[in-house]
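Report on one structure; see the data block that follows.
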């Protein structure tokens, strides 16, 4: 079967795709890979949670709000300068055999990103100065930007691991970076450091990740970036529509913290930033799991039936997983916040419980955006992210002055809901795509409703309530057969491989 030239240009035959993406067990490998990614990210989250205990308690609410403001600025700059280049390159690298052509594309991507990222950091620092931020925050923006640039080098050079489904190796640097950040935070707290050095912890973390990446990637590791204008133009031309969508998405995701810093007090900003930090970590779970399947979606792009099947199953998993995360974290919100930062952060619990609702649309959005990228319809994503930005900005300007951090949380949920509703229209209208079937939604909805009913009104201790909610939630899913069979098959297969001593790739 050949890939449609209109979709893939001069793409190779599907039969010539890398073995990892063409074999009959590719579905199981994707589910296993997503599980490894989720497990690795869970370990990284544990490191982050321990680091947050030190960070939140040592800095206090106001200083943590300042810290989150700077990191949000740098994250916006990173999203703007990535401009969808990684996703586009990841898709196109998938369709090239390992060798010279793949290395050339990767080297050009690396060169382009190492030019754009420092420019974005400079823009973020300029904004900090123009907005009248304190000198320590301006300097902190520069430090955090250096770390972001190093991290860009590492993640770009590691792309071959993801596109070949070597997910265990792709996950290792991310876990080690989180461990390095934890060590750096503990050391800074131990020596009684001021606020400024904390902005530099990403430098140490990125350096650790970069140190081990060459040995993991092997012969495909690109040491030197290349600066070929013709190739850059081809990359940018293809990525530009997606870049506009990613840029808008990066802005509206971080917009609320910036608005809070301008419209409310440092304490209110700190409380919202605490909630946003937790939700952001959970958002990344959906992103990591979804992007694991991008190479397979790229190969399946010419087979409408196969593509629709994959997107349907991924949508079901996204809804089931996000509903469960929202439920359990909402139950545990108060004790988790108290553990991380002490009693001064308990006031962030209602804010967090509101913001958690946004997990559901954002998980689904990740899946549908990858489907659009795989069929080269990424330009349609601009409509959804642009609409979300408008809704988020208008909601934030209206609700934040009146309701403070809770208003910002509602505005954030409204923006994510707007994005996914707009994508419904996009998928229904765009050639090469179709809407998933939504008949399954009643199952996770019923499971969530029972989980809420048996946990929130009962007055149980938080941990017991979370266990009760988990049993109720998965009990309903089991009775309704809501979990796709591929997930169970993948876990059984992984267990059998583990028994025979076959390590994950």
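Put simply, the range 426-471 fits an ellipsoid with semi-axes of 37, 9, 8 Å; these come from the alpha carbon gyration tensor as the roots of five times its eigenvalues, largest first. The range 372-419 and the range 305-355 have Cα centres spaced 18 Å apart. Here the spin labels are modelled as points 7 Å beyond Cα on the Cα-Cβ line, and at residue 429 and residue 57 they lie 5.3 nm apart.
Approximating the spin labels as points 7 Å out from Cα along Cα→Cβ, the residue 219-to-residue 441 distance works out to 5.0 nm. Sorting 131-139, 448-456 by average packing, meaning the other beta carbons within 10 Å per residue, from highest down gives 448-456, 131-139. Evaluate the Debye formula for the range 384-478 with equal point scatterers sitting on the alpha carbons, no solvent, and hand back log10 of I(q)/I(0) at q = 0.12, 0.18 Å⁻¹, in q order, two decimals. Once normalised to I(0) and log-transformed, intensities are -0.65, -0.94.
By its C-alpha gyration tensor, with a ≥ b ≥ c as the square roots of the eigenvalues, how is the range 353-401 shaped: rounded for a/c under 1.5, else prolate for a/b larger than b/c, else oblate?
oblate
Could you check the spin-label model distance between residue 309 and residue 464? Points 7 Å from the Cα along Cα→Cβ, value in nm. Modelled inter-label distance: 4.7 nm. Ranked by the mean number of other Cβ atoms within 10 Å of their residues, highest first, the peptides 150-158, 364-372, 208-216 fall in the order 364-372, 150-158, 208-216.
Here, each number is a calculation from the coordinates, and none is a lab measurement. These numbers come from a predicted model, not from an experiment. All Cβ positions, glycine included, derive from the backbone under ideal geometry; neighbour counts span all protein chains shown.
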